[in-house]
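Here is the structure we will look at.
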Amino acid sequence: MDLPDNAILAQGLTKTYAATKTTPEMRALKGIDLAIPRGSIFGLLGPNGAGKSTFINILAGLVRKSSGQVSIWDRDIDARPRDARAAIGVVPQEIAADPFFTPRESLEVAAGMYAVPKAERRTDELLAALGLADKADAYVRQLSGGMKRRLMVAKAMVHNPPILILDEPTAGVDVELRRQLWSYVVELNRRGVTIVLTTHYLEEAQELCDRIAIVSRGEVVACEPTETLLARMDIRNVLVTPSEPLSEPPKLAGFETRQLKGGAFSVSYRTGHSSVEQVLAAIRAAGVSIKDIATEDPDLEDVFVSLTSKTEAAA
Ligand code: ADP
Ligand code: MG
């Protein structure tokens, strides 16, 4: 059997949500090209509103794309929608467990929907793997939020798909549960399942994923092995309060500056290329005397902005 090189391949994928009476038209995806290698744990990292769920929901068949091509396990989602969908299990961002079924019944119903023959069902195995064996026959409304999420993961795996997709899997999940979930996911990956997860936490992506794509405002601004990407995220900010408040930030050779409140400004630099020492020297060279300085790690937004502006500069 020939296995595809890419578990998922998207080319020129766009999605525009039509305007409604209360909301303007929204270009949620602006031409996504993405190759998710088979066997990887792939992270889609981006701030809220970046378009991550839109992408996942297109794969799941819940949102209709506007243009572009997508194949899942080499099956085009337009030409072979059922086959394409059979290759993925999706755990949506919003957990929607049916309150009237027990976990066991939920899994049986889900398996039935995928036409998994009774003899091939893995209900007990899945319940055990996700730590739900002792809740197998409880009503779903008696389960905690974390248990419901694990039940959603089990449901996504009933048809034994080669790809598991988790949309913001740790939202509202406690630390202990997160560990359990991750060990299950890593174990699945060892057995050959390609994992795709979305998150807005860099730490989460960094810990788990061997490859990370960063999405920002409907575009992929970076897609690299985790280590390469982290090496590029070496931005730091120096916050400077000058002795005399400035109405605009000084122009510094080799550094980006930004105006802050109260006549202060910030300077960003890359730890791999320069030092705080050099930043201070550049400030002095610009004739600014310093009252106070502080350093700050960038948040993800800073990193996205910097990656995005670099993309634009290169284009
Ligand atoms: P993420 O999952 O990265 O937070 P989403 O894909 O949920 O991002 O949203 C991307 C953008 O599309 C956001 O601006 C969001 O408000 C908008 N959006 C998402 N779903 C819909 C929808 N059903 N109708 C209109 N706009 C939507
Ligand atoms: Mg989302």
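Side notes on the structure shown:
- Residue check, ARG80 under 21 Å from the mean Cα position of the chain (by Cα) and free of Cβ contacts under 8 Å to residues at least 60 places away in the same chain: no
- Evaluating LEU62 against the criteria (1) within 16 Å of ligand 1 (Cβ to nearest atom); (2) surrounded by 14 or more Cβ atoms within 10 Å (Cβ to Cβ); (3) under 26 Å from PRO4 (Cβ atoms); (4) of a type in the set (A, V, I, L, M) leaves one unmet condition, (2).
- Cβ separations smaller than 9 Å between residues 6+ apart or across chains give the following pairs from region 89-107 residues that are hydroxyl-bearing (Ser, Thr, Tyr) to residues that are open to solvent by 40 Å² or more (accessible area, probe 1.4 Å) and outside any helix (DSSP H, G or I): THR102/ASP137; THR102/TYR139; SER106/ASP98.
Okay, residues lined up against (1) modelled with pLDDT of 95 or more; (2) outside any strand (DSSP E or B):
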site	(1), (2)
LEU34	yes, no
PHE42	yes, no
GLY49	no, yes
ARG64	yes, yes
VAL70	yes, no
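- Considering LEU34, LEU3, the condition of being touching a residue at least 12 places away in the same chain (Cβ under 8 Å) and open to solvent by less than 30 Å² (accessible area, probe 1.4 Å) is satisfied by LEU34 alone.
- All of (1) touching a residue at least 60 places away in the same chain (Cβ under 8 Å); (2) within 16 Å of ligand 2 (Cβ to nearest atom) hold for ILE41 with one exception: (2).
- Screening region 158-188 for residues that are in contact with a Gly (Cβ under 8 Å, 6 or more places away or on another chain) and part of a helix (DSSP H, G or I) and picking the one that is most open to solvent (accessible area, probe 1.4 Å) gives GLN180.
- When residues in region 1-18 are screened for being within 9 Å of ligand 1 (Cβ to nearest atom) and in a loop (DSSP other than H, G, I, E, B), 1 of them pass.
- Leading residue by the ranking (surrounded by the fewest Cβ atoms within 10 Å (Cβ to Cβ)) among those in region 87-109 that are among the aliphatic types (A, V, I, L, M) and either within 16 Å of ligand 1 (Cβ to nearest atom) or modelled with pLDDT under 90 (or both): ALA96
- On inspection, ASP234 passes the criterion of being in contact with a strand residue (DSSP E or B) (Cβ under 7 Å, 6 or more places away or on another chain), more than 16 Å from ligand 2 (Cβ to nearest atom) and modelled with pLDDT under 90.
The values are calculated or read from the model by the stated rules, or taken from the named source; none is laboratory data. Model, not experiment: these values are computed from the prediction. Quick reminder, even Gly has a Cβ in these numbers, built from the backbone with ideal geometry, and neighbours come from all protein chains shown. Heavy atoms of the whole protein, side chains included, go into the accessibility calculation; ligands, DNA and RNA do not. Shrake-Rupley method; radii C 1.70, N 1.55, O 1.52, S 1.80 Å.
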